[in-house]
Each structure stands twice: as structure tokens, then as C-alpha cells.
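Student: Encoded as C-alpha cells, here's the structure I'll be asking about.
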Amino acid sequence: MTVCPTQAIRVREGLARIFEDRCVDCGECYKVCPVSAIIIEQDDFEEIYRYPVRVAMLPSVLIGQFPSRIPAKQVYGALREMGFTHVFEIDSVVDLVQQGYEMFSKEHSDLKPLISTFCPAIVRLIQVRFPSLVDQLVRVKPPMDLAAIHFKEVLTEQGHSPESIGLFYVTPCAAKIASVKSPVGDTLSPINGVINMEYLYNRLLQLITNQDIKEADQDSDLLNERGILWSLTRGESVHQKGRSLAIDGMNNVTEFLERLEETEDSNLDFLELRACDESCAGGVLISGNRFLTVERLNSRAETFRREAMVKAGSGYTEWTYVPETHNLGPIEARSMLVLDADRITAMQKMRKVEDLLKVLPGIDCGACGSPTCRALAEDIVQERAGISWCIFLQEVQLKNGKLTLDEADRINAGIWGSDRQNRSQK
Amino acid sequence: MDLHYDIKGGDFVNAGHASSSLKKVLKQLNVDSRRIKRLVIALYEAEVNVVAHAYRGTIQVQLYPGEVEITVEDEGPGIEDIEQAMQEGYSTASPEVREMGFGAGMGLPNIKRNCDRFHIESTPGKGTSLVIRNSISD
């Protein structure tokens, strides 16, 4: 509840409830919850059989989790064994993304610094908490979307009908699920379904350990060292012109964005911001250790770099970025901080919040089900909570007879559930 | 609605506290983000001025539905020649202050640029008072 960067969680009837319009899908709550109360919605794996052509779209961090004794080609083979007809590493398209960045920054040289749209949790965070920065988001579709568009074109050229193609993205985090289910800056995601990486990694590891899996290739030979490293920290920023910064971890990002809003001229050109520590290698659905994943991907990139020096003329120059289809649409600010759309009402509410803060204990204990005393004060003003929900004020009200013990019990059960209370009474 | 802040001279670590807090308030009131930025920058520069030059100071923010008025008053050496202080690049900041990245002589001109109305008065040897007003209506 307290780790949420947008204060979207409240405890009600013993369960963690999330305000959907505030949630940015960063997964911070999922990482810290001791009782796994946070569930990530996902598609059923059997969904893939609705399509004759079944494509596994892999981010490079999937391969990075496997111990080095299991080569990438064996993972591709195991994916075919599981039922996929095609395997495509989405980071094969990062040179296209880079072309898009360069075009966008030329056209918008007045916007500084530009902010990467790679991490969907960051895009949502900026929408709800830093609305003044939305114009600075680079409106270029992220690798997963461009890969889907590109690979669908390739398959259609090969004679498959567009309806027969099912593109399944293997996700390392909750934010990317949300970006497929309800995309920002796009009306409909080009991806047909999402597969939880934690689930898939387990299945793949079982298959490879228990069966003799034949090696296979992925369906693109365009993956290069830039692509392998793109989703890691500094994967994008090292390729950008001028002064660029790479920041990972939700706390680090919010701290920096607060500062960016307050200063006039930071002299920065590009910001790569990622919600997770160690970027996608630290995604909530990554089973492997994030530092080892980064290390393995670095050495995989090194191998590709060496091979590329031998093998001249690879194919990426044949792709060109087409703004009409590859740009993201407008990204709207949707501030969740506003107390009321009407200024005078908002000021009245703010005054009430300040008055409430004078009587609330100010220790942010969370027993009321809101993450901080200020959040409770705002909830009271917005009529989502009552003043007696604060256990300290409850005590005062009990003493001066404004509240009965039964009423207090009912209130507490409403927050933490009746089970918990029965248990503590026994 | 009123907000009040105290500033200590020489306390660079906390310079920006008032502007950051004002920013949060204005966001909750749904003020246009460009207007917020102008106010925050002006107030930040004013805070730094007090920290860099004065002994202590106060900030009084009065919020009205359509306007914000900020009064920054300090006890300090004051400004001998306000006209000169208003010129870009003119600075009396000490080398120590400059070392910290402040004192480029952009403070007052920067405040003025980000305000609708700007009024400054100073008594050398006693202190300086600055009043700024910005519209926050759409």
C-alpha cells in the first residue's frame, strides 16, 4: 500500500483494492506483497490454438534468464515443441525504433528533454502524476508493437491471411499486459494475446530438462547487439545524441521527474526511464536473478558484436520508419491529483484536508486502510472514508462517547475484514 | 487560502522546499501546468536568493481562485542598487555560493520573467521584500 507511486491502493474488507484509474501497472506492490494479494491478469495459454499461425514474440530478457548451458536455439526449439509455429525476437526491430526517435527529435527540437515511451508504466506514471511532461514523450511505438506490425507484414507476404495469424507477446511485467489490453496513444494493440513470462519460463525449463529438444532458429536474422541490450538500463540512452540519462527504479524516476518539473533548463536531451530496477531484467515476471540476466545478455551481445564484424552486410537497412503507421497517437494527461474540477470546490476541499491533517496523528500507520494520513484526509473529503477509520481518533471518540465499541468493531471489520478480527479476539 | 514557509539563510539543502510544496498544491487545484511551472520557477529563485544572501526570511502565499500572490520578506543586507541587480549576469554572490552552482546573476531577472506582476523593495542593511502575482485562471 505504501510503495505505490500513485497511492492507488486501499485496504477494504481485508483485501487490497486498486483504483484502476490511478494504477500505472508498475508492479511495485506485486514485488513487496508478503501474501501475494496482488494478482496479474493474463490470457489462458490455450488461446494460442485459436490461430493456425501461432507466433511467440520474445523480449530478449527471456533468453537472458536461461543458464548459459542452454543455448537460445534450444529455447526456440522448445517453443515450437509447445505449439508455436513461429518464434520472433521482438528486439530485432530496435533499429527501426531508433530511426523513429531520430525523426521525432528532429521534428520536435523545441521539446527537451524527450522522454522514452519504451516502458508503459512510465508513460502511465507521467499521465497521472506528471501531466506537465506528457508532451515530451517520444511518440514512437515501442519495440513490441513495431515488431508485431513488422512480423505480421512478413507473414502476410508469405501468404498467410491476416486473420490466421496470432501474435503472442511473452511479457516480463504487468505494465506490458496493460499496454496490450488498453493501449495508450493507439486505438488497438497489434498483439493478439499475452503470455506470462514466469509461466512460460517454467514450462520451457521443464521441457528442456526432461526431453531431448532439437535446436531451431528464430524467424528473423536481424537481431543485433543493440537489440539484445535495448530493454536493459542504458540500452536506449547510449544511442541518443546529446546529453542523455538512464534512470531505473520507480523511486528514482519519480524523484527525478519531480525535480525536472521544477527546474527551467536541465540541458538534457533524452531521458530513458524504466520502472524496474535493472529495467526489464527486473520485471515482476522474471524468475531469474536480474543481475545474472544482465550479465548473460551482455555476453550474448558481445558474441553478436563479434559475429557481425565477420559477417558483413546484414539486413536492417531495408527497413524504414514510416511515421504514419509507426508513430504513437496523442498521449493525454489524466491527472489523478486534482481534488475537484471546479477551482472553488477544490480549494474548499483542500482547506478541509489541511484541517483534518491537524487532528490526524501524522504517523502514516496505514491502519485506516489508506497509505498515509494525508491520503486518508483526501479520502474523507472525497467521501471514500470516514474520520472514525483512524484508530487514534476512534480511541478519542470512544472515550467521549461519540462512538460505541460495536460501531468501532464494525468500522475496523470493514477495513481489515471480519475474519482478522475474530482471530485476534480468540 | 494561505501557505506559510520559513527560510534559513545559508540552508541550500532545503532551498526549493516551498516551491515544491506550492507545486503540489497547484496540481491538486487543477492549475494549468505551464502556469504552475512559471510560479514554481519564480518561487524557487526567490527562495535561493534568501538562502544565498539573507540571514532569514519568510514566504507567504495567498491563494485565490484566479490568482496567487507570493510575498517573500527577508532580514539581510538588502540591495543597494535594485536596477543593477535586475540586470542579467549581475551578481554579488560569494565564491562559496557560486561554487555550489548558484549566483549566476539570473535570479531576479528570472523571477520577473516568470511573473505577471513583480514588485521589489529593499532597505540596505535591513532586508528585502518581494511581491509577485500570477494569474491561475484558465
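Student: Which pairs do you get when a residue that is under 13 Å from residue B:53 (Cβ atoms), found in segment B:71-89, comes within reach of a residue that is basic (Lys, Arg), reach meaning Cβ atoms under 9 angstrom, with the pair 6+ apart or on two chains?
Tutor: Listed pairs, sorted by first residue: B:74/B:56; B:75/B:56; B:75/B:126; B:76/B:56; B:76/B:126; B:77/B:126; B:78/B:126.
Student: A further question follows. In segment B:26-51, what residues are of a type outside the set (A, V, I, L, M, F, W, C), more than 7 Å from chain A (Cβ to nearest Cβ), part of a helix (DSSP H, G or I) and more than 18 Å from residue B:105 (Cα to Cα)?
Tutor: B:34, B:35, B:38 - these are the residues of segment B:26-51 that are of a type outside the set (A, V, I, L, M, F, W, C), more than 7 Å from chain A (Cβ to nearest Cβ), part of a helix (DSSP H, G or I) and more than 18 Å from residue B:105 (Cα to Cα).
Student: Filter segment B:26-48 for residues that are without any contact (Cβ under 8 Å) to a residue 60 or more places away in the chain, within 20 Å of residue B:129 (Cβ to Cβ) and not aliphatic (A, V, I, L, M) and give the result.
Tutor: Scanning segment B:26-48 gives B:44, B:47.
Student: For residues that are over 16 Å from the mean Cα position of the chain (by Cα) and within 14 Å of chain A (Cβ to nearest Cβ), tally how many sit in segment B:89-111.
Tutor: Here the count works out to 1.
Student: Name the residues in segment A:339-366 that are crowded, with 17+ Cβ neighbours inside 10 Å and of a type in the set (A, V, I, L, M, F, W, C), would you?
Tutor: If the condition is that a residue be crowded, with 17+ Cβ neighbours inside 10 Å and of a type in the set (A, V, I, L, M, F, W, C), then A:339, A:346, A:347, A:350, A:353, A:356, A:360 are the ones that fit.
Student: Going by what's in this entry, would residue A:74 be described as surrounded by fewer than 21 Cβ atoms within 10 Å (Cβ to Cβ) and in contact with a strand residue (DSSP E or B) (Cβ under 6 Å, 6 or more places away or on another chain)?
Tutor: No: the conditions fail for residue A:74.
Student: Please go through (1) out of contact with any strand residue (DSSP E or B) (no Cβ under 8 Å at 6 or more places or on another chain); (2) more than 14 Å from chain B (Cβ to nearest Cβ); (3) surrounded by fewer than 19 Cβ atoms within 10 Å (Cβ to Cβ) for residue A:255 and return the number of the only condition it doesn't satisfy.
Tutor: The number of the failed condition is (2).
Student: In segment A:230-252, which residue that is touching a residue at least 60 places away in the same chain (Cβ under 8 Å) and touching a Cys at 6+ places or on another chain (Cβ under 8 Å) is nearest to residue A:5 (Cα to Cα)?
Tutor: Once the filter is applied, the top-ranked residue is A:250.
Student: Okay, next question. Looking at segment B:9-17, can you tell me whether even one residue there is touching a Lys or Arg at 6+ places or on another chain (Cβ under 6 Å) and hydrophobic (A, V, I, L, M, F, W, C)?
Tutor: No: zero hits.
Student: OK, next. Out of everything in segment B:1-25 that is free of Cβ contacts under 8 Å to residues at least 60 places away in the same chain and facing another protein chain (nearest Cβ under 9 Å), what residue ends up being nearest to residue A:351 (Cα to Cα)?
Tutor: B:25
Student: Could you count how many residues in segment B:54-86 are touching a strand residue (DSSP E or B) at 6+ places or on another chain (Cβ under 6 Å), within 14 Å of chain A (Cβ to nearest Cβ) and surrounded by 15 or more Cβ atoms within 10 Å (Cβ to Cβ)?
Tutor: 2
Every number in this text was worked out from the coordinates using simple rules, so none of it is lab data. Just so we're clear, the structure is a prediction, and the values are computed from it rather than from any experiment. Positions of Cβ are generated from backbone atoms using ideal geometry, with glycine treated the same way; all protein chains shown enter the neighbour counts.
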